[in-house]
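Provided herewith is a single structure, encoded as structure tokens, for subsequent inquiry.
The values are calculated or read from the model by the stated rules, or taken from the named source; none is laboratory data. What you are looking at is a predicted structure, and each value in this text was computed from that prediction instead of being measured. Here the Cβ positions follow ideal geometry from the backbone for every residue, glycine too, while neighbour counts run over all protein chains shown. With ligands, DNA and RNA removed, areas are computed over all heavy atoms of the protein, side chains included. Shrake-Rupley method; radii C 1.70, N 1.55, O 1.52, S 1.80 Å.
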Amino acid sequence: MKTTVLGIETSCDDTSAAVISDGVLLSNVIAGQAIHEAYGGVVPELASRAHQQNIIPVVHEALKRAGIKKEELSAIAFTRGPGLMGSLLVGTSFAKGFAQALNIPLVEVNHLQAHVLAHFIKDKDGNNPQPKFPFLCLLVSGGNSQIILVRAYNDMEVIGQTIDDAAGEAFDKCAKVMGLPYPGGPIIDKLAKEGNAAAFQFSKPRIDGYNYSFSGLKTSFLYTLRDKIKENPNFVEENKNDLCAALQTTIIDILMEKLRLAAKELNINEIAVAGGVSANSGLRNAFLEHADKYSWNVYIPKFAYTTDNAAMIAITGLFKYNDNVFCDITETPFAQTII
Ligand code: KG4
């Protein structure tokens, strides 16, 4: 009999449900929340209310698209954390209720671990290459910038991380000061394609080891804008593409420099990237260039598996299910953690 897991993700502002059967993804439904755009960032209370409205239709749709009846499910996996507490509570409560009603096991999933394991989602054609252990994973999202040494699906060590802002935050905050909509990453990515990255120079951090810092870059970006706007009030409008290109290139350089160092010192050439910022076309190109130059085997997830999605929760749930790692109905969500 097939092992079929329903994954549920509600850690931030996307309500998502996915069905995976024996590792093959059958459906991955994601409902975004446009309501936050007006505020330039996610409003936690509005996010949890929207999850409450979305969760039942999204789960229903995921089962329907997968062609699976709820009675055929082997287990329910849900994001326990880290994330927004109110949002996590909606998914956690739903998962507990559903698992109890169906009398099937409940599996808790760490959202960050799931981003890394997104590389093991098999599509229906089953041809996507998967990293071999041990591999390094650059996890870059709105809240995290980490280099993770992955020895096995359940053996991960964070060997480097940001000491202040995350890479996604740098994109989002710099976009905000340029008057661009939230989230800033995708729009900066788009405008950067038309810009000259050499037009501006922003400061890069000097931090020991594999750790990151992005707050100095953010400050240097802000100061450049402030000084130039004094001379020309239309400065941002007239230089948007170049500013985006220079900012994006600096962020990518900072990310790749530490990743190169870790790969060299640990002698690992299986290198993966995960998290929302891995949708960035410049970062994807940098990975491909590094593959050529340093003989890395690089693993770049499909766009659909980079931002928050339940497919990654379901695949992580399946790994844990196969190892009989279940969780009790009394488990509560957690807002913050490191893996
Ligand atoms: O993993 P994710 O969906 O969830 C959170 O951590 O919240 O990551 C969201 C982050 C945001 O900061 C967004 O600006 C960034 O990913 N992002 C991008 C791109 N697409 C999303 N950053 C740069 N380029 C992109 N194309």
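Can you list which of the DSSP-assigned H helices in the chain have a Cα extent of 27 Å or more along the long axis and an average Kyte-Doolittle score of at least -0.5? Before the final figure, lay out the partial values.
Working: long enough: 44-66 (31 Å, -0.37); 235-266 (44 Å, 0.18).
Membrane-span-like by this rule: 44-66, 235-266.
Can I ask one more? Mind checking the full-extension length gain between Lys204 and Thr3? Use 0.36 nm per residue of separation minus the Cα-Cα distance, one decimal, nm. Could the numbers behind the result be given before it?
Numbers: separation 201, 0.36 × 201 = 72.36 nm, distance 4.77 nm.
Length difference between fully extended and current span is 67.6 nm.
Take the chain, connect every pair of alpha-carbon atoms lying under 10 Å apart with a spring to form a Gaussian network, then pick out the residue of Ala77, Ala310, Ala192 with the largest mean-square fluctuation.
Ala192
Once R0 is set to 25 Å, what does the formula 1/(1 + (r/R0)^6) return for the Cβ-Cβ distance between Tyr39 and Tyr223, expressed as a FRET efficiency to the nearest 0.05? Can you show the working numbers first?
Working: r = 26 Å, r/R0 = 1.04.
Taking R0 as 25 Å, the efficiency between Tyr39 and Tyr223 is 0.45.
Applying 1/(1 + (r/R0)^6) with R0 = 25 Å to the Cβ-Cβ distance of Asn128 and Asp323, what FRET efficiency is obtained, to the nearest 0.05?
On the way: r = 23 Å, r/R0 = 0.91.
After rounding to 0.05, the efficiency reads 0.65.
Starting from 0.36 nm per residue, how many nanometres of slack lie between Gln100 and Asp22 once their C-alpha separation is accounted for?
Numbers: separation 78, 0.36 × 78 = 28.08 nm, distance 2.23 nm.
Working it through step by step, the gained length comes to 25.8 nm.
Let me check I've understood the local charge: for Gly184, count other residues with C-beta under 13 angstrom from its C-beta, Lys and Arg +1, Asp and Glu -1. What total comes out? Don't skip to the end; give the middle numbers.
Working: positive: Lys173, Lys176, Lys190, Lys218, Lys240; negative: Glu37, Asp165, Glu169, Asp172, Asp189.
That works out to 0.
With point charges of +1 on the Cβ of Lys and Arg and -1 on the Cβ of Asp and Glu, referenced to the Cα centre of the chain, which listed residue (Phe171, Ile271, Ser87) lies farthest in the positive direction of the dipole?
So the residue we want is Ile271.
What does the helix-only formula give at 222 nm for the chain: each DSSP H stretch with n ≥ 4 adding -39500 (n - 2.57), the total divided by the residues, and the result rounded to the nearest 500 deg cm²/dmol? Walk me through the numbers on the way to the answer.
Values: 9 runs with 143 residues, N = 339.
About -14000 deg cm²/dmol.
In addition: Averaged per residue, what accessible area in Å² does the range 135-301 show with a 1.4 Å probe, protein chains only?
On the way: 7510 Å² over 167 residues.
On a per-residue basis, 45 Å².
Something else now. With Cβ to Cβ distances under 14 Å as the rule, what net charge do the other residues near Lys320 carry (K, R +1; D, E -1)? Working shown, then result.
On the way: positive: Arg80; negative: Glu108, Asp155, Asp323, Asp328, Glu331.
Within the 14 Å Cβ shell, the charges total -4.
Also, quick follow-up: Based on alpha-carbon centroids, what's the gap between the range 295-310 and the range 249-275 in Å, whole number please?
15
In Å², and per residue, what accessible area does the range 1-84 have when probed at 1.4 Å with the other protein chains present? List each step's numbers first, then the result.
On the way: 3620 Å² over 84 residues.
Averaged over the residues of the range 1-84, the accessible area is 43 Å².
Which percent of the accessible area of the range 219-292 is formed by carbon and sulfur heavy atoms (probe 1.4 angstrom)? Write down the numbers at each step before the final one.
Working: 1540 of 3350 Å².
Here carbon and sulfur together make up 46 percent of the probe-accessible area.
Follow-up. Let me check I've understood the local charge: for Cys137, count other residues with C-beta under 12 angstrom from its C-beta, Lys and Arg +1, Asp and Glu -1. What total comes out?
Details: positive: Arg151; negative: Glu157, Glu270.
In short, -1.
In whole angstrom, note down how far apart the Cα centers of the range 129-194 and the range 13-73 are.
Distance between centres, Cα-based: 22 Å.
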